[in-house]
Amino acid sequence: VDAFQAWCGSCKPVVNLFQKIRNEVGSNLLHFAVAEVDSIDALEKYRGQCEPVFLFYAGGELVAVVRGADAPLLQKTILEQL
């Protein structure tokens, strides 16, 4: 989940990375979503930050968090979690 604030928008460059990985591993294993933290109370702790935050969930549980648009770290985290 790309957790973003309305004033800065979602991290569009990372969408291409997620699409590439999703094509490699299969669409059933990886799902990508965006969430505006300003309008979701459960994501309140991610408000007020100027860097993108990516939340990784498995089985309905938060399993990893990556702060910043660090493509190598995002790819590593995705593959580790799969």
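The values are calculated or read from the model by the stated rules, or taken from the named source; none is laboratory data. Every value quoted in this text rests on a predicted model; they were computed, and no experiment measured them. All accessible areas refer to the heavy atoms of the entire protein, side chains included, with ligands and DNA or RNA removed. Shrake-Rupley method; radii C 1.70, N 1.55, O 1.52, S 1.80 Å.
If you scale each eigenvalue of the Cα gyration tensor by 5 and take the root, what three semi-axes come out for the chain, rounded to whole angstrom and sorted largest first?
They are 21, 14, 11 Å, listed largest first.
Considering only protein heavy atoms, what per residue accessible area in square angstrom results for the chain with a 1.4 angstrom probe?
63 Å²
What percent antiparallel are the DSSP beta bridges of segment 2-69, to the nearest 5?
Taking every DSSP beta bridge with both residues in segment 2-69, the antiparallel ones total about 75 percent.
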